[in-house]
Amino acid sequence: DMRAAARTAPPSPRNPQVVFLGDSLAQGYAIGFKLAARDARAPLVTIDHGRVSSGLARLDYYNWIDLLPGKLPDNNRDCLVIHFGANDDKPLAGLRNASLTSDRWANEYASRVSQFIDIIQARGFQCVLWVGPAPDALKSRDDHLRRVDKIYEQVARAKGIDYITLRKRYGDEAGNFVDYVIDQGKRRIVRTKDGSHFTIPGYKDVGQLILERIRGKSIYVRKGSAPILVATYN
């Protein structure tokens, strides 16, 4: 009977998803990645699970630790891309009189980063990229982003998570904010006037970096003109 056959038929394979988690910059990177993947004809589905103004500092506003399990895809062979930082230059609840530059703040924040990654790894995800913060035009925020950049990288690498540094590409020789990149000798504006976000071409530029890193974890073959993902990640 046709209905019985339909019920017992194996599910059709779907293209791998790339799920973006984090703040409004993560949402922008999702847009940029979708554009980059489309141009490259990469068979990847972009999912944006970012939340504006969120981070790992103000869990009373948006508790990523509690909400993360519900945002992860069912298939742990999908990819996850994470970005935080710009909203986390704030005191942490429960730490009285702990300044943003204190060891107490850094240790508690690192613990939250670690918890976030532990939830992901407990579900068996292998293709995980943590995107470090780009330079910010506001010096006080940028000083903070430099500090959390080190925390993210240290915790991510200790747990075997791939880390993408943005400060070199989107900063000057000292890593300070500039609003452009130089490609083939020409300046391209990639940052918006607020000094924190990217233009659409800028988001696409970051999206291309992410796509290159994901492709480094995957084996593509071309069948006709369409690339097909035939084997997943290292």
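The values are calculated or read from the model by the stated rules, or taken from the named source; none is laboratory data. None of these values were measured; they are calculated from a predicted model. A quick note on method: Cβ atoms are made from the backbone with ideal geometry, for glycine too, and the neighbour counts reach across all protein chains shown.
Cβ-Cβ distances below 8 Å connect the following pairs, each with a first residue in region 73-97 that is in contact (Cβ under 8 Å) with a residue 60 or more places away in the chain, a second residue that is among the acidic types (Asp, Glu), and a separation of six or more residues or different chains: 83/23; 84/23; 85/23; 85/149; 86/23; 86/136; 87/23. Scanning region 142-165 for residues that are closer than 20 Å to residue 193 by Cα and surrounded by fewer than 20 Cβ atoms within 10 Å (Cβ to Cβ) yields one hit, 143.
When each of 175, 202, 132 is tested for being touching a Leu at 6+ places or on another chain (Cβ under 8 Å) and in contact (Cβ under 8 Å) with a residue 24 or more places away in the chain, the lone residue that passes is 132.
Kindly provide the set of residues from region 52-74 that are surrounded by 13 or more Cβ atoms within 10 Å (Cβ to Cβ), within 24 Å of residue 162 (Cβ to Cβ) and either out of contact with any Ser or Thr (no Cβ under 8 Å at 6 or more places or on another chain) or of a type in the set (D, E, K, R) (or both), ordered by number. Matches in region 52-74: 54, 55, 56, 57, 65, 67, 68, 71, 72, 73. Among the residues of region 9-51, those that are in a loop (DSSP other than H, G, I, E, B), of a type outside the set (Lys, Arg) and surrounded by fewer than 19 Cβ atoms within 10 Å (Cβ to Cβ) comprise 9, 10, 11, 12, 13, 15, 40, 43. In this structure, residue 43 does satisfy being closer than 22 Å to residue 204 by Cβ, modelled with pLDDT under 95 and out of contact with any Lys or Arg (no Cβ under 8 Å at 6 or more places or on another chain).
Every listed requirement among (1) in a loop (DSSP other than H, G, I, E, B); (2) without any contact (Cβ under 8 Å) to a residue 12 or more places away in the chain is met by residue 66 save one, (1).
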